[in-house]
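Asks: My structure is below; once you've seen it, I'll send some questions.
The values are calculated or read from the model by the stated rules, or taken from the named source; none is laboratory data. On a predicted model such as this, the values are computed, not experimentally measured, just so you know. Note: ideal-geometry Cβ built from the backbone for every residue, glycine included; neighbour counts use all protein chains shown. Note: accessible area is taken over every heavy atom of the protein model, side chains too, but ligands, DNA and RNA are not part of it. Shrake-Rupley method; radii C 1.70, N 1.55, O 1.52, S 1.80 Å.
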Amino acid sequence: MLPFTNIHTHVFTSSCVPDRFLMILPVGVVRRFPNKIKSVLDSKLGRWLIRWLADWGEEKKNNRRKEFDKYVAFVDVAVQSTQLEVFQRAFEAGKIYDHAVRIVGLTMNMDHMDSLPSQNQISFETQLEEVKDIKRYYPANFFPFLGIDPRHKSGVDLVSWARPYFETGVLHKDTGRVFPFFSGIKLYPALGFFPFDPRLEELYKYAEKNQLPVMTHCTRVGTQYIGTKIESLIPESPAMISIANNNNFAKARNSINARISKFYEKGWVKNSDRGENDRACDLFGHPENYVPLLEKFPNLKLCLAHMGGSNEILDAPNKGELAEIREVDTPGWFERVTSMMKEYPNLYTDISYTLSDFEDTTGVVFQRFTSFLVEQDRNGRPLSERVMFGTDFFMTEMEKREAELYFNTQRNLRRWFDDFARINPQKFLMQPV
Amino acid sequence: MVLPDNNVLDIIISLVLIYALLSILVSILLEWYNQKTRARAKFLRNAIFQLLKDPLNVHYGELFYNHYLIEGLKNRELKTVPQYISSQLFSEVLIDIIANRKLHDNPVKITGHSGDVGKQYEMVNDRIELDINKHFEEELNSLNPSPLTDTLRSFWQKSGKDTTKLKDHLKFWFDDYMDRVSGWYKKGQQKKLLWIGFLVAIALNVDSLHLLKILSLDDALRNQLAATAENVADHYQVLSEAEKMNNSKLLETFSKLIPDSVLRDTTTGIKDLRTIVVENYPQLKDQLKPNDSVDIKYMQRADSVLGIANALNIPIGWDENSAPLSWKWCLCWGLTPKQTFVARGDGVLGYNQIRNFGSPKSKFFYVLGILISGISLSFGAPFWFDTLVKLVNIRRAGKKPEAVNETTK
């Protein structure tokens, strides 16, 4: 039996993030004083105080203060002193299902997510050294992915920098199996780059050749670029991996450029001192941005994580922010992911974070998701064969506790659970078992 | 007959004695605050991060604190970093984290892909060589040039490429740096001392100008305090340099002079829960685990200082019959300061009447007195004890030979 796998977790700590990291939250006061609020949250007393306020708020109906409790739960994990300790928490939850559980830890290069320097942030290379140590201690249980950003290194330099992470490794004494330190590549475009950036082309070539899977974030919300120079990162016609005489590519390029123009017209791409780049950053992680990659590197295994997000699965926006966005960007991301998975046989998705909305099995999100699972690709294979189980620990601490997510998914998706958590991840990861 | 200059000296000595005592309280509160906020440990951590920060390579400070030997010094429950790191440990860990990077980076190669079992890898080198000198040098050579790596390369060359000798260089470097760090830390403490000094001055209503006036008017109090000062100075002088920095030892120089029975009456006798249980139920003594009584220890020390101040009749503290609380009541009486003064006569009583009435002048002097106290208390206990010893020596030098002989007899 293949090992149980959680394909999507994070192990970074608060020292890995920029000082103004909390500006990712669309809350006015947080964006105004991100450093001060971070230092309060970093202290035990500060978190205790917020939790106390949250408990107090819970007694009153519709009191938004209880929402803070979720953030505190999330921050509680983030302020663990080491990444090893964060991993151990995820590992403990997974071990209940399988002692040989495999936890995929996705590193993120957050060195370029802010345009201002951070005093208390460790460099990405330091983060990776700590991650390598976790791999040495848990070679058969921890499978880190290497975070990539074209602003850090590009082209052949990027490959030269990344290769040692994939081509050095550890021996698992118990089984005699050898594992490389890193098992795949992690993209997080919303931090401020396009996945079709030509500076990444050499790396994709290397990944395709060495069967390294690529995991990418694919929801409208999440962590994003918080700097003040968003316009410089989004040119009207961004440079793109090029493919001659390819209709799908040409169509995607035109659509991408048109979308960027519309976002500029609407005033959604605008330099902001408070890091209000929420809508602009959607342009980076848009599912259509992966069409150039999939066309140029057909054997590259790519996972569009989260399936676009619960909001996109729900997709019934009559009013509000999503309805406004939908005016210039249709179809929804879930629909796009579905059609792309039908078209590209090496395109995967995972249910991480989105699974926190699967508790209500009669709800629209769950119903649309199960309908999606039985749809077939152009080869007549069900899409469920390319869906993987992941939780997005510890981001999900804001929604539900890790063990609860495991339990609910097993209960509600019993028919597919083994496929999602054992068979499909192995096809994607291709790590020794 | 008491000479006027000796009188002035006695006033100053008495005031310095009060400052010395209350400075112990300031030091205790500072120590307590630092202990609660783990200020020293955090300061040390930041200093080591600064020393080992290398943006051109990796943040060795982070890796240093994640090293098993340093992790082992952390308090797991409280998640606190160590307050002290020896130069020996520093050198061991720094060499380890650099050499280990090379030691652990073993090349692997793909030997095949086969369906469900995934990609198969094997190690390029069958045997891993455990040569710390070699690994250290290889890793050092592979690092980008930076101020930190240049320094390490220089040490490496000077030590003849031997990690044992390298440790001596690293130890010297670390010790030298720690001397500077101690200086920075002390400077940082000055600011805190000032805040706590003001806090104590306000909390205990320590008005230096009022103390000066009372000491000049109240002969009995002044003589008693001057005599106590001599004894305190004698006890202080026999302390070792390390003991002079120890608040408990400084406190003992006072407490030795005051009978236990008096101290028992003047302190509130703060006890931890375990002591209370053991006193009332001695049979439970063996069943109770010793608890963490750090807070109690500080509270008891602070209580002792207040008890001693009380026993020595030092005119501090809040009372509705004295300034500034009395200002509220005097306003109700409808009297002017002059009327009050005339009504009560001269001396301590008369002075107190004027002060307690709360005229703009006395309010101004009160605020000034508190400010002087706050600043004075921030100088720290060792400063006031040293000053006290000097003043007592001057006083003794000025005494008549007969008096000295009488004392020695």
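Asks: Please give the Cα centre distance for the stretch B:212-263 versus the stretch A:331-385, rounded to the nearest Å.
Replies: 81
Asks: If you don't mind, another one. Within a 10 angstrom radius of each residue's Cβ in A:329-339, how many Cβ atoms of other chains show up on average? Whole number is fine. Provide the component values of the computation, followed by the final result.
Replies: Details: counts 0, 0, 0, 0, 0, 0, 0, 0, 0, 0, 0.
For this peptide, the per-residue mean of nearby foreign Cβ atoms is 0.
Asks: Filter A:K205/A:K296; B:K74/B:K244; B:K102/B:K161 down to the pairs with a C-alpha to C-alpha distance above 18 Å, please.
Replies: Details: A:K205/A:K296 9 Å; B:K74/B:K244 29 Å; B:K102/B:K161 16 Å.
In this structure, B:K74/B:K244 lie more than 18 Å apart at Cα.
Asks: Within straight cross-link reach of A:K251, meaning Cα distance under 18 Å, which aspartates and glutamates are found once same-chain residues fewer than 8 apart are removed?
Replies: A:D197, A:E236, A:E288, A:E295, A:D329, A:E335, A:E343
Asks: Could you list which residues have their amide H under 5 Å from that of A:F142, counting only those 5 or more apart in sequence or on another chain, with H placed in the peptide plane?
Replies: A:I103
Asks: I've got another one for you. Taking the Cα-to-Cβ direction at B:V367 and at A:V374 and moving 7 Å from each Cα, how far apart do the two end points lie in nm?
Replies: Placing both labels 7 Å beyond Cα along the Cβ direction yields 8.2 nm.
Asks: Here is a follow-up. Please calculate the 1.4 Å probe accessible area of A:M398, with all protein chains present, and give it to the nearest 10 Å².
Replies: Surface accessible to solvent at A:M398 totals approximately 40 Å².
Asks: To the nearest 100 Å², how much accessible surface do chains B and A cover up together, summed over both, with a 1.4 Å probe?
Replies: Working: alone 23780 and 18350 Å², together 39620 Å².
So the buried area, both faces added, is about 2500 Å².
Asks: Using only the alpha carbons, work out the radius of gyration and Dmax of the stretch B:89-204 in angstrom.
Replies: Spelled out, the Cα radius of gyration and Dmax of the stretch B:89-204 are 23.9, 80 Å.
Asks: So what J values fall out for the stretch B:89-102 if you push phi through Karplus, 6.51 cos²θ - 1.76 cosθ + 1.60 with θ = phi - 60°, rounded to Hz, Gly and Pro as x?
Replies: Values, residue by residue: 5, 4, 5, 4, 5, 4, 5, 4, 5, 7, 5, 5, 4, 6 Hz.
Asks: How much of A:R422 can a 1.4 Å solvent probe reach, expressed as accessible area in Å² and rounded to 10?
Replies: Ignoring ligands and nucleic acids, A:R422 comes out at about 30 Å².
Asks: Ok, one more. State whether chain A is rounded, prolate or oblate according to the following rule on the C-alpha gyration tensor (a ≥ b ≥ c being the square roots of its eigenvalues): a/c under 1.5 gives rounded; otherwise a/b larger than b/c gives prolate, and the remaining case gives oblate.
Replies: Numbers: a/c = 1.18, a/b = 1.04, b/c = 1.14.
Rounded, since a/c falls under 1.5.
Asks: Report B:D260's accessible area, 1.4 Å probe, all protein chains in place, as a number in Å² to the nearest 10.
Replies: Its heavy atoms expose roughly 110 Å² to the probe.
Asks: Would you jot down the residues in the stretch B:117-154 that end up with at least 50 Å² less accessible area in the complete protein assembly than in the chain alone, with a 1.4 Å probe?
Replies: Buried on complex formation: B:K119, B:Y121, B:M123.
Asks: Accessible area drop of at least 30 Å² (1.4 Å probe, protein heavy atoms): which residues of the stretch B:80-104 qualify, relative to the chain alone?
Replies: Those residues are B:R101, B:H104.
Asks: In nm, to one decimal, how far is the modelled label at B:M123 from the one at B:Y177, with both set 7 Å along Cα→Cβ?
Replies: 3.3
Asks: Determine one quarter of the surface area of the Cα convex hull of the protein assembly as shown, which equals its mean projected area, and express it in nm² to one decimal.
Replies: Numbers: hull surface 199.5 nm².
With every direction weighted equally, the projected area is 49.9 nm².
Asks: Rounded to the nearest percent, how much of the accessible area of the stretch B:197-244 (1.4 Å probe, protein heavy atoms only) is carbon and sulfur?
Replies: Numbers: 1160 of 1980 Å².
Percent of accessible area from carbon and sulfur atoms in the stretch B:197-244: 59.
Asks: So between A:R401 and A:Y137, what do we pick up on full extension, going 0.36 nm a residue minus the alpha carbon distance? Don't skip to the answer; put the middle values down first.
Replies: Numbers: separation 264, 0.36 × 264 = 95.04 nm, distance 2.51 nm.
Working it through step by step, the gained length comes to 92.5 nm.
Asks: Of the cross-linked pairs A:K186/B:K167; B:K186/B:K249; B:K328/B:K390; A:K132/B:K134; A:K36/B:K328, which ones have a Cα-Cα span greater than 30 Å in the structure shown?
Replies: In this structure, A:K186/B:K167; B:K328/B:K390; A:K36/B:K328 exceed 30 Å between Cα atoms.
Asks: OK, next. Can you give me the % of accessible surface on chain A that is carbon or sulfur? Probe 1.4 Å, all protein chains present, nothing else counted. Intermediate results must be reported in sequence, preceding the final value.
Replies: Numbers: 8470 of 17120 Å².
Within chain A, the accessible surface is 50 percent carbon and sulfur.
Asks: Considering only the other residues whose Cβ falls under 15 Å of the Cβ of B:G160, what net charge follows from Lys and Arg at +1 and Asp and Glu at -1?
Replies: Value of the local net charge: +3.
Asks: Taking H as built 1.01 Å from N, whose amide H comes closer than 5 Å to the amide H of B:V108, not counting residues under 5 places away?
Replies: Here the answer is A:T168, A:G169, B:V124, since their amide H atoms fall under 5 Å of that of B:V108.
Asks: What is the spin-label model distance, in nm, from A:F33 to B:Q237 if the labels are put 7 Å beyond Cα along the C-beta direction?
Replies: 5.5
Asks: For A:M215, list long-range residues whose amide hydrogen, built 1.01 Å from N in the peptide plane, is under 5 Å from its own amide hydrogen.
Replies: Excluding prolines and chain starts, which carry no amide H, the hits are A:I185, A:K186, A:L187, A:C303.
Asks: Quick one: which bits of the stretch A:417-433 get at least 30 Å² less accessible when the partner protein chains are in, versus the chain alone, with a 1.4 Å probe?
Replies: Those residues are A:M430, A:P432, A:V433.
Asks: Translational diffusion coefficient, Stokes-Einstein: compute it for the stretch B:59-133 using the Kirkwood radius over C-alpha pairs as Rh, at 4 °C and 1.567 mPa s, and state it as an integer in µm² s⁻¹.
Replies: Working: Rh = 15.4 Å.
The calculation lands on 84 µm²/s.
Asks: Would you please put A:117-123, A:83-89 in order of how densely packed they are, using the mean number of other Cβ atoms within 10 angstrom per residue and starting with the highest?
Replies: Values: A:117-123: 16.1, A:83-89: 20.4.
Put in order of decreasing packing, that is A:83-89, A:117-123.
Asks: Further, regarding this structure: Work out the FRET efficiency for A:S232 and B:F383 from their Cβ-Cβ distance, taking R0 = 60 Å, and round it to the nearest 0.05. Intermediate values should be presented prior to the final figure.
Replies: Values: r = 57 Å, r/R0 = 0.94.
Calculated transfer efficiency: 0.60.
Asks: Kindly report the accessible area of the protein assembly as shown per residue (heavy atoms of protein chains, probe 1.4 Å, no ligands, DNA or RNA), in Å².
Replies: Details: 39620 Å² over 842 residues.
Solvent-accessible surface per residue comes out at 47 Å².
Asks: To continue, here is another question. Tell me, in nm to one decimal, what length is gained between A:Q367 and A:E321 on full extension, where the rule is 0.36 nm per residue of separation less the Cα-Cα distance? Could you put the intermediate results ahead of the total?
Replies: Numbers: separation 46, 0.36 × 46 = 16.56 nm, distance 2.36 nm.
Full-extension gain reported as 14.2 nm.
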